[in-house]
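The values are calculated or read from the model by the stated rules, or taken from the named source; none is laboratory data. Bear in mind that the values here come from a model prediction, so they are computed numbers and not experimental data. Virtual Cβ from ideal backbone geometry, glycine too; neighbours counted across all protein chains shown.
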Amino acid sequence: MSLIRAFETRASEMYQRAKIGGYCHLNLGEEAPVVGSMSALRPTDYVFTTYREHGYVLARGLEPGLVMAELFGKITGVSGGRGCSMHPFDQNARLLGGYGIVGGQIPPATGVALALTYRGGPGPDAEAVMCLLGDGTTNIGASHESLNLAGLWHLPIVYVIQLTATGPKTVECDEETDTMDIYRLSATELAEAIAQGDLSAVDAVSAALERIDSLDRELHAFTSVDPEAALRVARQLDSVRDRGHRGPLHGVPIAVKDVTDVAGFPTTHGSLITGQVPAKRDAVSISRLRAAGAVVVGKTNTPEFGFGAVCTNRLTGPTSNPWDHTRSSGGSSGGSAAAVTAGLVPLAQGVDFGGSVRTPASFCGCYGFRPTPGIIPEPNRSLAWAPLATQGVLTRTVADAALMLAVAGGPHLMDPSSARQPAPDTNTPLRVAASIDLDGAFRVDPAVRAAFTQSISAASQTFGGIDQASPNMSDAIDAFQLLRAAETWSTFKDLIEEREAELTESFVWNVRRGQGITAEDYLHAQHVRSTAYRRAQRFFQDYDILMLPAASVLPFPNSQGEVSTIDGEPTGSIIDYLACTFLISLIGFPSISVPAVWTGGNLPFGVQLVARPDHDALLLRAARELTTGSGFGHRWPEHGPQSPGARSAE
């Protein structure tokens with residue numbers, strides 16, 4: 001089991017680094033049933049598997065190096081590089097292949113069992129066949145016909161049905177209509193289904209549009225949706241798929257926060273003053289996503305220019321939390337977080353300055369990934385050399401976060417911060433520390449403290465010992481607030497001076513905080529920032545991951561407005577509640593909000609994982625390991641408030 005876990009973890013890293021072509025299906029989290037079923041076989045028995053079979057190949061005794069070579073498509077692989085990830089074959093081991101077509105292995109496995117009956121009758125030394133299949137194959141003709149024949153003819157075959165609802169690929173089916181709940185599929189699963197011909201891009205986009213039409217009247221996650229344009233793009237993608245023109249997000253519907261340009265959509269910034277003129281070109285990240293086959297179905301809600309604890313504006317109103325429609329989805333990428341969590345889209349883009357991806361993810365119960373600043377380039381950023389904000393991604397699975405980053409990230413000539421060297425993940429055991437408040441740097445509500453304590457206890461089952469430790473972040477809160485204020489004033493001062501009466505009070509307050517900041521103030525804050533960065537780097541020489549709360553409060557009523565108290569004590573400013581996330585923004589470390597274990601209430605809470613700059617692969621591995629079997633991960637709120645027993649999507 002340990003070998004399978006180590007192998008699959010390494011395979012996942014190699015796939016994310018584009019070293020493994022095609023599709024790569026993993027047995028992570030399935031090690032026990034793999035070893036259990038394979039241990040019942042004799043060397044003379046035959047094995048047929050699904051396309052998720054690396055663990056079975058290893059358990060059959062094949063040398064790991066040869067199996068990895070096969071995934072790389074090398075001639076030294078177990079099948080000479082011809083089977084790759086989905087179709088390994090070794091006649092000597094009586095491993096007769098993984099099958100990429102759903103249920104494709106069942107008839108040939110049954111046929112081999114029939115052939116064995118001609119070799120000799122039953123007995124203790126008779127050969128037999130084991131055929132592995134997912135529960136999604138049980139409603140197809142090949143399954144019923146094969147099982148009927150095996151029963152009628154008493155064939156020496158065992159069909160092992162895997163409950164994929166607990167694995168990485170989950171497809172819910174309505175038994176009466178025999179239709180898939182397409183909206184439940186992750187982006188990775190959607191892309192695979194479209195590539196294999198099980199779904200079309202039109203199917204995927206139509207499902208998203210139907211879900212938006214059904215739920216967004218209450219959620220208000222979107223500021224604009226263009227069904228006609230999205231379906232037109234989907235039809236174009238379907239027309240080229242059969243000719244081999246297919247990207248890693250081919251046909252996958254996505255949403256984009258309404259502060260980022262998407263050609264054909266207005267970029268309102270959640271403000272009445274920006275107008276409804278469509279953008280002429282995509283932002284670089286959106287251009288890359290579209291080039292990979294993603295279909296933008298709409299723009300998601302944001303407070304005015306991305307400033308505010310409640311995701312609301314005078315154009316769309318407040319976005320509702322999918323778990324309780326009276327509560328906040330979080331600022332400022334709350335529209336994207338609500339859309340992903342409720343299944344309106346599998347992927348959404350956001351922007352994170354002080355926590356605007358991670359806080360909504362924590363409030364809504366999805367993954368919110370803020371990568372190392374610069375990995376997703378911003379060539380039009382006015383302050384190219386001092387990025388505090390970065391684009392981020394909101395997803396329902398860790399695999400989707402990795403996929404979206406792989407597509408949107410990469411160097412750009414006009415962004416000096418994008419010239420980065422991502423650090424490889426060495427897959428060594430993780431050294432993990434945790435802190436509820438960075439040694440008193442900020443306050444959290446009692447409910448958050450209880451949720452975090454329970455989550456750390458659960459995480460210990462995955463990571464082993466977790467130390468209570470944190471870097472010294474003294475004076476860093478004031479430094480972030482001053483630098484944020486200075487950057488905001490630099491960006492928006494002309495707008496404030498010309499049109500203040502037309503802007504929201506919260507936005508004006510945020511901008512005017514930077515008025516009057518001196519060069520001495522600014523440079524002192526940069527000095528504190530530099531010191532905090534170096535302290536954190538020294539801390540991470542001893543640890544790989546730091547666990548923090550992803551929010552200092554639980555989702556509060558939309559009617560409340562700004563956060564003015566924490567744990568019963570007044571805050572110094574309306575952004576103090578973001579200190580648990582903005583201190584990480586200050587030092588430029590990557591972080592991800594992971595949906596935490598439930599605490600008995602009906603509101604989500606996120607645990608924030610932090611790693612060193614450029615160690616995004618290691619960070620995603622930690623999030624993936626945490627999600628496997630520890631109670632962490634996305635759950636389905638369905639139609640508003642729902643019991644915490646809803647099943648995880650990961």
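Which numbered condition trips up Pro43, out of (1) part of a loop (DSSP other than H, G, I, E, B); (2) under 23 Å from Thr188 (Cα atoms)?
Only one criterion in (1) part of a loop (DSSP other than H, G, I, E, B); (2) under 23 Å from Thr188 (Cα atoms) is unmet by Pro43, namely (2).
Condition check ((1) touching a Gly at 6+ places or on another chain (Cβ under 6 Å); (2) surrounded by fewer than 19 Cβ atoms within 10 Å (Cβ to Cβ)) across all residues:
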{"position": "Ser12", "(1), (2)": "no, no"}
{"position": "Arg42", "(1), (2)": "no, yes"}
{"position": "Gly55", "(1), (2)": "no, no"}
{"position": "Phe72", "(1), (2)": "no, yes"}
{"position": "Ile75", "(1), (2)": "yes, yes"}
{"position": "Gly81", "(1), (2)": "yes, yes"}
{"position": "Tyr99", "(1), (2)": "no, no"}
{"position": "Ala113", "(1), (2)": "no, no"}
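Could you look through the range 321-353, keep only residues that are surrounded by fewer than 24 Cβ atoms within 10 Å (Cβ to Cβ) and closer than 24 Å to Ala406 by Cα, and pick out the one that is nearest to the chain's Cα centre (by Cα)?
Val351
If you scan the range 581-596, which residues turn out to be buried (at least 24 other Cβ atoms within 10 Å of the Cβ) and either within 24 Å of Asp478 (Cβ to Cβ) or among the acidic types (Asp, Glu) (or both)?
Thr581, Phe582, Leu583, Ile584, Ser585, Leu586, Phe589, Pro590, Ser591
Please determine, by comparing only the residues of the range 341-379 that are free of Cβ contacts under 8 Å to residues at least 60 places away in the same chain and of a type outside the set (Ser, Thr, Tyr), which one is nearest to Phe492 (Cα to Cα).
My answer is Gly374.
Are any residues in the range 278-292 within 20 Å of Pro303 (Cα to Cα) and either in contact with a Pro (Cβ under 6 Å, 6 or more places away or on another chain) or hydroxyl-bearing (Ser, Thr, Tyr) (or both), and if so, which ones?
Pro278
Looking only at residues that are among the acidic types (Asp, Glu) and touching a residue at least 24 places away in the same chain (Cβ under 8 Å) in the range 483-504, which one is surrounded by the most Cβ atoms within 10 Å (Cβ to Cβ)?
It comes out as Glu487.
Any residue that is basic (Lys, Arg) and closer than 20 Å to Thr260 by Cα - is there at least one of those in the range 380-390?
Checking the range 380-390: at least one residue is basic (Lys, Arg) and closer than 20 Å to Thr260 by Cα.
Mind counting the residues in the range 68-118 that are in a strand (DSSP E or B) and basic (Lys, Arg)?
0
Taking the range 196-215, which residues are charged (D, E, K, R) and either surrounded by 22 or more Cβ atoms within 10 Å (Cβ to Cβ) or touching a His at 6+ places or on another chain (Cβ under 7 Å) (or both)?
none
Output the residues belonging to the range 509-538 that are surrounded by 18 or more Cβ atoms within 10 Å (Cβ to Cβ) and either part of a helix (DSSP H, G or I) or free of Cβ contacts under 8 Å to residues at least 24 places away in the same chain (or both).
The answer is Asn510, Val511, Ala525, Val528, Arg529, Ala532, Ala536.
Suppose we keep only residues that are without any contact (Cβ under 8 Å) to a residue 24 or more places away in the chain and on the phi > 0 side of the Ramachandran plot within the range 74-119. Which one would you say is nearest to the chain's Cα centre (by Cα)?
Across the range 74-119, the extreme among qualifying residues is Gly81.
Got a number for residues in the range 223-251 being touching a Ser or Thr at 6+ places or on another chain (Cβ under 6 Å) and closer than 28 Å to Ser329 by Cβ?
1
May I ask you to verify whether Ser490 is in contact with an Asp or Glu (Cβ under 9 Å, 6 or more places away or on another chain), hydroxyl-bearing (Ser, Thr, Tyr) and within 27 Å of Ile376 (Cβ to Cβ)?
For Ser490, the condition - in contact with an Asp or Glu (Cβ under 9 Å, 6 or more places away or on another chain), hydroxyl-bearing (Ser, Thr, Tyr) and within 27 Å of Ile376 (Cβ to Cβ) - is not met.
State yes or no: is Gly65 without any contact (Cβ under 8 Å) to a residue 24 or more places away in the chain and either touching an Asp or Glu at 6+ places or on another chain (Cβ under 7 Å) or part of a strand (DSSP E or B) (or both)?
It is false that Gly65 is without any contact (Cβ under 8 Å) to a residue 24 or more places away in the chain and either touching an Asp or Glu at 6+ places or on another chain (Cβ under 7 Å) or part of a strand (DSSP E or B) (or both).
List the residue pairs whose Cβ atoms are under 6 Å apart, where the first residue sits in the range 34-62 and is without any contact (Cβ under 8 Å) to a residue 40 or more places away in the chain and outside the structural domain of Gly134 (by TED's automatic domain parsing), the second is surrounded by fewer than 21 Cβ atoms within 10 Å (Cβ to Cβ) and hydroxyl-bearing (Ser, Thr, Tyr), and the two are 6 or more positions apart or on different chains.
none
Yes/no matrix, rows are residues, columns are (1) of a type outside the set (A, V, I, L, M); (2) farther than 21 Å from Pro156 by Cβ; (3) modelled with pLDDT under 90:
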position	(1), (2), (3)
Arg42	yes, no, no
Arg82	yes, yes, yes
Ile101	no, yes, yes
Leu132	no, no, no
Asn139	yes, yes, yes
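With crowded, with 17+ Cβ neighbours inside 10 Å, of a type in the set (Asp, Glu) and either modelled with pLDDT of 90 or more or not in a loop (DSSP other than H, G, I, E, B) (or both) as the only criterion, which of Glu127, Glu145 stands out?
Glu127
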